[in-house]
Structure formats: structure tokens, C-alpha cells
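**Student:** First the structure, which I've put down as C-alpha cells, then a few questions once you've had a look.
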Amino acid sequence: MTKLSDLTVGDAARVIEITGQDQVATRLLEMGLTAGADVTLLGVAPLGDPIELELRGYRLSVRRAEAQRVRIERV
């Protein structure tokens, strides 16, 4: 399986799971990164962090370290 942080701009994927059981994992789930959610990588900041995603009809920016905790499958 691949991590969300491994996508390149324009790639689409489906969330499989969030690793860990801490406050960061809970916050990612609250922001909509739940199992089965479809995401598209829209852009990356000039220095590589954060990354901008589109999911559930809105845009979300997350740090690359947080994106490494999201396991995905490419669609």
C-alpha cells in the first residue's frame, strides 16, 4: 500500500486507513480522511510542505508528516 505523501500532483486515491491512535490521527479523521474517502492531490507548496488535497467537495491542506500516516490505494 502507498501513503498519501507519495502522490504526485493530479493523482487520485482512496483512503484505506490512518495509522496510529493519537490526537493527530483523530484530527485527520475529523477532517474527513476516513476509510473509503476519495482524495486528489491538487498541489504542493514550493518547499514541499504542506500539500493541498481535494476530498468530499472541499480543499484541505495537511503537513507531509501527517500525510505519511494515511494509507491509500490509487484509483
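The values are calculated or read from the model by the stated rules, or taken from the named source; none is laboratory data. What you are looking at is a predicted structure, and each value in this text was computed from that prediction instead of being measured. Cβ placement follows ideal geometry from the backbone for every residue including glycine, while neighbour counts extend to all protein chains displayed.
**Student:** If you go through segment 1-25, how many residues are assigned to a strand (DSSP E or B) and of a type outside the set (A, V, I, L, M, F, W, C)? Before the answer, list the steps.
**Tutor:** Of the residues in segment 1-25, the ones assigned to a strand (DSSP E or B) are 2-3, 12-18.
In the following step, the residues that additionally are of a type outside the set (A, V, I, L, M, F, W, C) were identified as 2-3, 14, 17.
Within segment 1-25, residues that are assigned to a strand (DSSP E or B) and of a type outside the set (A, V, I, L, M, F, W, C) number 4.
**Student:** Next question, about the same structure. Take the residues of segment 62-75 that are surrounded by fewer than 15 Cβ atoms within 10 Å (Cβ to Cβ) and assigned to a strand (DSSP E or B): which is modelled with the highest pLDDT?
**Tutor:** Initially, segment 62-75 is screened for residues surrounded by fewer than 15 Cβ atoms within 10 Å (Cβ to Cβ), giving 63, 65, 68, 73-75.
Next, only the ones that are assigned to a strand (DSSP E or B) stay: 73-74.
On the way: Glu73: 96, Arg74: 92.
Among residues in segment 62-75 that are surrounded by fewer than 15 Cβ atoms within 10 Å (Cβ to Cβ) and assigned to a strand (DSSP E or B), the one modelled with the highest pLDDT is Glu73.
**Student:** Moving on. Kindly evaluate Leu28 against the criterion of being in a helix (DSSP H, G or I), crowded, with 17+ Cβ neighbours inside 10 Å, among the aliphatic types (A, V, I, L, M) and within 11 Å of the chain's Cα centre (by Cα).
**Tutor:** yes
**Student:** Hey, another quick one. Please identify the pairs in which a residue from segment 1-18 that is in contact (Cβ under 8 Å) with a residue 40 or more places away in the chain has its Cβ atom under 9 Å from the Cβ atom of a residue that is of a type in the set (Ser, Thr, Tyr) and surrounded by 15 or more Cβ atoms within 10 Å (Cβ to Cβ), counting only partners at least 6 apart or on another chain.
**Tutor:** Every condition considered, the pairs that remain are Leu7/Thr40; Asp11/Thr40; Ala12/Thr40; Ala13/Thr40.
**Student:** Just one of (1) more than 10 Å from the chain's Cα centre (by Cα); (2) buried (at least 16 other Cβ atoms within 10 Å of the Cβ) trips up Thr8, so point out which.
**Tutor:** Single failed check for Thr8: (2).
**Student:** Here is a list: Thr40, Thr2, Thr34. Which entry is surrounded by 13 or more Cβ atoms within 10 Å (Cβ to Cβ), closer than 11 Å to Glu73 by Cα, polar (S, T, N, Q) and in contact with a strand residue (DSSP E or B) (Cβ under 9 Å, 6 or more places away or on another chain)?
**Tutor:** Of the residues listed, the single one that is surrounded by 13 or more Cβ atoms within 10 Å (Cβ to Cβ), closer than 11 Å to Glu73 by Cα, polar (S, T, N, Q) and in contact with a strand residue (DSSP E or B) (Cβ under 9 Å, 6 or more places away or on another chain) is Thr2.
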